Protein chains: 2
Amino acid sequence: MEKPYVVGIDIGGTNSVFGVVDARGTILYSSSIKTSKHADVNDYIDELAQALRMVIDQAGGLDKIKGIGVGAPNGNYFSGCIEFAPNLPWKGKIPLAQLISEKLDGVPVTLTNDANAAAIGEMTYGAARGMKDFIVITLGTGVGSGIVIGGNLVYGHDGFAGELGHVIVRRNNGRMCGCGRQGCLEAYTSATGVARTAREYLEIRNDDSVLRDLDPDAITSKDVFDAAMKGDPIALEIFKTTGTMLGEAFADFIAFSSPEAIILFGGLTKAGDLIMNPIKEALDKNILKVFEGKAKVLFSQLKESDAAVLGASALGWEVKEV
Amino acid sequence: MEKPYVVGIDIGGTNSVFGVVDARGTILYSSSIKTSKHADVNDYIDELAQALRMVIDQAGGLDKIKGIGVGAPNGNYFSGCIEFAPNLPWKGKIPLAQLISEKLDGVPVTLTNDANAAAIGEMTYGAARGMKDFIVITLGTGVGSGIVIGGNLVYGHDGFAGELGHVIVRRNNGRMCGCGRQGCLEAYTSATGVARTAREYLEIRNDDSVLRDLDPDAITSKDVFDAAMKGDPIALEIFKTTGTMLGEAFADFIAFSSPEAIILFGGLTKAGDLIMNPIKEALDKNILKVFEGKAKVLFSQLKESDAAVLGASALGWEVKEV
């Protein structure tokens with residue numbers, strides 16, 4: 001009999017969340033452990049394997065599990081390794097897929113980065129069901145992307161393709177980005193980028209804003225959203241600027257792979273129309289004629305609390321032995 | 001027995017060149033007709049079919065032909081149509097693949113645009129043999145691209161993917177591009193872009209240049225190349241600027257699909273190191289850390305006079321009935 005479940009593991013800098021998922025995308029059992037607790041990856045794997053066995057046993061045991069998918073920062077699909085992830089406690093190349101598989105009687109484990117996991121999640125359970133060509137853009141602390149072309153995730157020749165948060169959108173005098181370069185999309189349109197824009201606007205402008213009541217260094221994209229919902233003009237303008245930069249960048253992405261849709265995922269999508277309207281407006285204004293009106297911009301259809309685990313779990317359906 | 005030959009047809013605004021090609025990429029018989037002579041596409045097809053039959057008969061007849069590949073501006077792989085090509089005499093959608101096939105006893109005809117044909121040509125006979133992930137950039141009158149991911153040409157959901165000449169490289173005050181927008185890569189790094197840069201430099205600067213002996217409006221990229229070979233400082237700087245813009249753009253393209261190589265094709269590649277050195281320098285300077293030193297930049301290995309026909313012919317090996 002076909003094994004009925006997969007396991008998805010989302011490894012973040014703070015927490016590792018995981019769950020047993022069925023073919024319809026329902027998380028049946030889930031749990032989490034602290035990622036940051038263990039400086040030694042072997043200790044981490046021991047605790048993770050123990051916790052995984054508990055949720056897997058609830059689902060009927062390892063025999064029911066077709067595969068495990070893992071989404072992790074800098075996760076490489078080809079090697080199964082986390083490679084030099086700046087926000088994880090373990091340095092260098094960690095053969096994570098192999099380590100997990102060994103602890104769980106050799107069940108197949110597939111690894112990719114979090115944005116690619118999100119793209120596979122959308123294709124399997126979400127807004128991209130039935131699509132063969134689409135791009136998922138994750139708008140969180142950073143900006144990531146998962147690109148699907150002809151029904152396949154784009155890994156590139158080295159497994160690291162799809163770094164659309166790091167295309168340069170301001171060539172001269174661009175903002176410093178965490179990657180060490182200047183002017184990356186991520187430096188402007190991530191949640192932290194939005195907060196930076198807020199600090200910049202408050203400093204160089206004089207008009208009123210409820211944001212002025214806050215400690216500038218502590219302003220978050222959530223504060224900007226709350227202010228915009230109250231009609232604060234500076235906050236509204238920040239979303240307009242952010243959305244415009246995204247829409248401009250999307251026009252270039254479409255020139256590359258001509259996707260059916262660009263799907264937005266992550267914290268910043270909570271801004272809804274505040275971010276979507278300027279994106280669409282800028283996209284319409286900047287799109288090459290041959291692509292006019294063709295590519296949709298959509299929000300993710302995965303419930304946010306579940307999305308990362310669901311995305312990772314979708315990889316478990318692909319059979320790839322480690 | 002497997003049919004031993006394919007036919008490649010390269011349709012340009014002025015001439016249509018075609019030839020019978022064997023599996024090793026040798027053009028056995030070739031000929032051409034004037035594209036621009038016929039305002040009615042049916043007259044054009046009549047003359048083309050007659051001329052095609054002559055070269056095909058030299059090769060032993062239609063029974064020897066596995067398929068015909070056509071490279072044409074705005075050629076759509078999915079529909080087999082030329083769609084709204086500004087530089088061809090026929091307006092609207094022309095079902096070119098079907099029209100040719102009907103005149104030649106139903107032999108399979110596959111159509112794509114010229115840059116995609118170049119990419120398939122490099123993969124089949126040229127610098128990309130054995131590669132699964134690469135991008136061909138054509139530097140001619142315009143700038144085109146053919147993108148291969150996982151061994152497949154990227155067509156996108158509508159058949160028009162790969163318009164990398166029209167990513168925006170200068171967001172503010174960019175040069176007008178033939179596409180109606182501003183700041184496209186093509187407006188700077190095509191042969192006509194190089195000539196525009198020359199006119200701009202001559203106007204805004206005062207230093208000596210052999211280019212000042214020419215009628216500014218008649219300057220071509222060939223003139224700039226000749227001047228650079230004589231050590232003319234303005235001409236050298238024009239190539240440096242052009243190469244730098246290409247290298248900067250390539251860093252973004254690599255962030256998208258992480259190709260093994262970017263292959264340069266077309267007239268401007270005759271500039272050799274004059275264009276290659278600044279490209280590599282700018283690429284090294286702008287590349288995201290994870291991709292450092294990974295992607296090669298190469299010149300096409302197809303002989304220029306044959307390249308377009310060879311590229312188109314490579315499509316003929318793919319069996320796709322119309």
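The numbers here are math on the coordinates, done by the rules we state, and not lab data. Note that this is a predicted model, so its numbers are computed, not measured. Cβ sites come from the backbone with ideal geometry, for glycine too, and all protein chains shown count toward neighbours.
Distances from residue B:43 to itself in the other copies, using label points 7 Å out along the Cα-Cβ axis, amount to 8.4 nm in increasing order.
Residues of region A:6-29 falling in the label zone of residue A:303, defined by backbone nitrogen less than 12 Å from a point 7 Å along Cα to beta-carbon, are A:25-29.
Sorted fewest first by neighbouring Cβ atoms within 10 angstrom, A:66, A:34 come out as A:34, A:66.
For the pair residue A:78 and residue B:199, what calculated FRET efficiency results from E = 1/(1 + (r/R0)^6), where r is the Cβ-Cβ distance and R0 = 45 Å, to the nearest 0.05?
Details: r = 48 Å, r/R0 = 1.06.
So, using R0 = 45 Å, E works out to roughly 0.40.
How big is the Kirkwood radius of region A:12-168, worked out from every pair of different alpha carbons and given in Å to one decimal? Numbers along the way, then the final one.
Working: mean 1/r = 0.0614 Å⁻¹.
Its Kirkwood hydrodynamic radius stands at 16.3 Å.
Nearest 20 debye, what's the magnitude of the dipole of region A:43-96 about its Cα centre given +1 on Lys and Arg Cβ and -1 on Asp and Glu Cβ?
Numbers: 5 positive and 6 negative charges, 39 e Å.
So the magnitude is around 180 debye.
The ranking of A:177, B:184 by Cβ neighbour count inside 10 Å, starting from the fewest, reads A:177, B:184. Taking every residue in B:142-148 and counting other chain Cβ atoms within 10 Å of its Cβ, the average works out to 1.
Compactness ratio of region A:148-279: Cα Rg over 2.2 N^0.38 Å, N = residue count? Kindly include the intermediate steps, with their values, before the conclusion.
Values: Rg = 16.0 Å, N = 132, 2.2 N^0.38 = 14.1 Å.
Normalised Cα radius of gyration, region A:148-279: 1.14.
Can you grab the distance from the C-alpha centre of region A:252-322 to the C-alpha centre of region A:70-139, Å, no decimals? With region A:252-322 and region A:70-139 each reduced to a Cα centre, they are spaced 18 Å.
Net charge dipole, chain A: roughly 440 debye, given to the nearest 20, about the Cα centre with Cβ charges of +1 for Lys and Arg and -1 for Asp and Glu.
Simple rule: put +1 on each Lys or Arg Cβ and -1 on each Asp or Glu Cβ in region B:1-153, find the dipole, and look at B:101, B:131, B:146; the Cα lying farthest toward the positive end is B:131.
Shape of region B:99-143 from its Cα gyration tensor (a ≥ b ≥ c, root eigenvalues): rounded if a/c is under 1.5, otherwise prolate when a/b > b/c, or oblate? List each step's numbers first, then the result.
Details: a/c = 3.70, a/b = 1.70, b/c = 2.17.
Oblate is the answer for region B:99-143, as a/c is 1.5 or above yet b/c matches or exceeds a/b.
Counting only other chain Cβ atoms within 10 Å of each residue's Cβ, the peptide B:284-297 averages 3. Here region A:75-132 is assigned +1 on the Cβ of each Lys and Arg and -1 on the Cβ of each Asp and Glu. Its dipole about the Cα centre then comes out at about 100 debye.
Projected over every direction and averaged, the convex hull enclosing the alpha-carbon atoms of chain B yields 17.1 nm². Distances between equivalent label points of residue A:57 across the copies, with each point positioned 7 Å along Cα→Cβ, amount to 8.3 nm, shortest listed first. Rounded to the nearest 500, the 222 nm mean residue ellipticity of chain B from helices alone is -11500 deg cm²/dmol, with -39,500 (n - 2.57) taken per DSSP H run of at least 4 residues.
If each residue's Cβ is checked for other Cβ atoms within 10 Å, how do B:62, A:164 rank with the fewest at the top? Don't skip to the answer; put the middle values down first.
Values: B:62 17, A:164 28.
So the ranking, lowest neighbour count to highest, is B:62, A:164.
Across the residues of A:248-261, average count of Cβ atoms on other protein chains within 10 Å?
Going residue by residue through A:248-261 and averaging, the value is 6.
Residue A:218 to residue B:50: FRET efficiency via 1/(1 + (r/R0)^6), r the Cβ-Cβ distance, R0 60 Å, to the nearest 0.05? Working shown, then result.
On the way: r = 77 Å, r/R0 = 1.29.
The pair residue A:218/residue B:50 has a calculated efficiency of 0.20.
Between identical copies, the spacing of residue B:317 label points, each set 7 Å from Cα toward the C-beta atom, reads 3.4 nm from nearest to farthest.
Pairs with C-alpha atoms separated by more than 29 Å, drawn from the list A:132/B:270; B:37/B:93; A:103/A:132, are A:132/B:270; A:103/A:132.
When the square roots of the Cα gyration tensor eigenvalues are ordered a ≥ b ≥ c, the ratio a/c for region B:224-295 is 1.5 or more and a/b exceeds b/c, which makes its shape prolate. For region A:93-217, the spread of Cα coordinates along the three principal axes comes to 61, 33, 29 Å, biggest extent given first. Is the shape of the protein assembly as shown rounded, prolate or oblate, going by the alpha carbon gyration tensor and its root eigenvalues a ≥ b ≥ c, with a/c under 1.5 for rounded and a/b larger than b/c for prolate? The shape class here is oblate.
Sorting B:264-270, B:295-301, A:101-107 by average packing, meaning the other beta carbons within 10 Å per residue, from highest down gives B:264-270, B:295-301, A:101-107. Considering all different alpha carbon pairs of region A:1-70, the Kirkwood hydrodynamic radius works out to 12.3 Å.
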